[in-house]
1. Given a Förster radius of 45 Å and the C-beta distance between residue A:33 and residue B:69 as r, what FRET efficiency does 1/(1 + (r/R0)^6) yield to the nearest 0.05?
2. I need the inter-copy label distances for residue B:7: point set 7 Å along Cα to C-beta, values in nm with one decimal, smallest first.
3. Using the alpha carbon gyration tensor of region B:64-117, what are the three equivalent-ellipsoid semi-axes (square root of 5 times each eigenvalue), largest first, in whole Å?
4. Hey, for residue B:90 with labels 7 Å out along Cα-Cβ, what do the inter-copy distances come to in nm, ordered shortest first?
5. Quote the charge dipole size of region A:60-213 about the Cα centre in Debye, to the nearest 20; the model charges only the Cβ of Lys and Arg (+1) and of Asp and Glu (-1).
6. Based on Cβ point charges of +1 for Lys and Arg and -1 for Asp and Glu, what charge dipole magnitude is obtained for region A:1-50 about its Cα centre, in debye rounded to the nearest 20?
7. With a cap of 13 neighbouring Cβ atoms within 10 Å, and only residues DSSP puts in a loop, list the GluC sites (Glu not before Pro) found in region A:1-95.
8. Treating the beta-carbon of each Lys and Arg as +1 and of each Asp and Glu as -1, no other charges, what is the dipole magnitude of region A:62-114 about its Cα centre, to the nearest 20 debye?
There are 2 protein chains.
Amino acid sequence: MAEVRSVDTRERILDAAEHLFMAHGYEGTSMRQITSEAGVNLAAVNYHFGSKESLMQEVFRRRLDWLNEERMRVLNELEREAAGKPLKPSQIVDGFFGTLLRMADDEERGGKTFLRLLGRTLTDPSEFIRTFLAHEYAVVVDRYKEALFCALPDVPKAEIVWRFHFMLGATSYAIAGTDALRLVTDWQIEEEDAIDRLDRLVPRLMSFLLGGLRAPLPQFSDAVADSK
Amino acid sequence: MAEVRSVDTRERILDAAEHLFMAHGYEGTSMRQITSEAGVNLAAVNYHFGSKESLMQEVFRRRLDWLNEERMRVLNELEREAAGKPLKPSQIVDGFFGTLLRMADDEERGGKTFLRLLGRTLTDPSEFIRTFLAHEYAVVVDRYKEALFCALPDVPKAEIVWRFHFMLGATSYAIAGTDALRLVTDWQIEEEDAIDRLDRLVPRLMSFLLGGLRAPLPQFSDAVADSK
DNA sequence: CTATGATTCAAACGAACGTATGAATTATAG
DNA sequence: CTATAATTCATACGTTCGTTTGAATCATAG
């Protein structure tokens, strides 16, 4: 069985697809763009992956499998060290979001390209993509949610779930890239941040997330005891 | 000049486009879907708007013109009342994000449909959309940024800009809709929140945003005085 | 070396896309 | 009523899309 060529072809396609999906979105990227950038024949995608949808799923699976495992490993390690005592919220947030953000430095795992793709895809309108991602994330997110419940026993669970959601949004935006960032700034300020974008982004985002997670509980206009 | 028919047609097209762009994205929505849902002829879009791109821009302009004016009006009013004294961050945040979120109740202004469209579009990969939105937002965002600089004189400007960006992300996610929300929860908790989703979402999000905005400043690993 | 299965390739498929056209229809002005 | 401009309509154009096909090329096993 020939292996050398095909493994190479598969990987080249995945790399090109990852980059182009990030830059132009799923619907905005054609098979011809992908195979052209990968330097392979047009039919190669359908031969190796079956369809464009399956290719998209494989692009994510290649990265998320590792991320999910790593997140699980980190949380298990934290809980082992804590020996039964509840974790600090900052540890949990770092385990989930910090682990993600540190992928940006790891070119082997897709680096910034994959992070930006992920950030943009989480709000992608395509039904099959959201369904796929929700399924990929379900188990890990559930474990982290439970950890937060234990770490913040005085905060209603519904509140924690919402704040988890808000944290995902802030993070998604942060990694979706500097293009959307033009919304907020014309960069009259941060020329000095050209290189250090990342090692500064992480602590910046972490401060913000933790501040939001530990904010005072909201007061609803209708006075209802919102416990549990 | 005939006006009755064409005004109706224009509006019907805009409504259908708003809904379909929200549900399936810009690239994922065809002219035939739009004209079919609007109950008008296929050629009507090109006749009234020129092209699909122009239609997309008009969909946003119809809503954002009002939103921008309202945000300006609110901020001017706040500054008038304050009479020179710096505003409270909570006032500024409510002026920018609260004004946006309250559109959800206003069906005349697009309601939840437009909010979800906006939330999803802010991370849309299409170049011309991001460029257009950045241009539409520029002036207002700049005024609110300046207001935050004055309200938080001890916080470095770069930090405020970043946190503004994070707040946009969290808000975008919150309004992008309950579909993406499945990522975080299977709704084992919040059956009771079916109706009140919105009058509870606003205070919830506001608490989170303010907590993040006022969080302790991050400590960078390389010790550099990050003033200015 | 030959046979076999895996992979690559050029070419084509039908479908769907955004847009353009010119005639038919409708509303307004004189 | 008639003339004129605005709008609607059915239809078609040229592209591009994702996918398929069958032959050509390659690597490996016997």
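1. Here the calculated transfer efficiency is 0.65.
2. 6.9
3. On the way: eigenvalues 122, 23, 10 Å².
Each semi-axis is the square root of five times an eigenvalue, giving 25, 11, 7 Å.
4. 2.6
5. Using Cβ point charges on Lys, Arg, Asp and Glu, region A:60-213 gives about 460 debye.
6. I would put it at about 160 debye.
7. Filter output for region A:1-95: A:3.
8. Numbers: 10 positive and 11 negative charges, 36 e Å.
That gives a dipole near 180 debye.
The values are calculated or read from the model by the stated rules, or taken from the named source; none is laboratory data. None of the values given here were measured: they were computed from a predicted structure. Every residue, glycine among them, receives a Cβ derived from its backbone with ideal geometry; neighbour counts consider all protein chains shown. Ligands, DNA and RNA are excluded from the accessible area calculation, which covers all protein heavy atoms including side chains. Shrake-Rupley method; radii C 1.70, N 1.55, O 1.52, S 1.80 Å.
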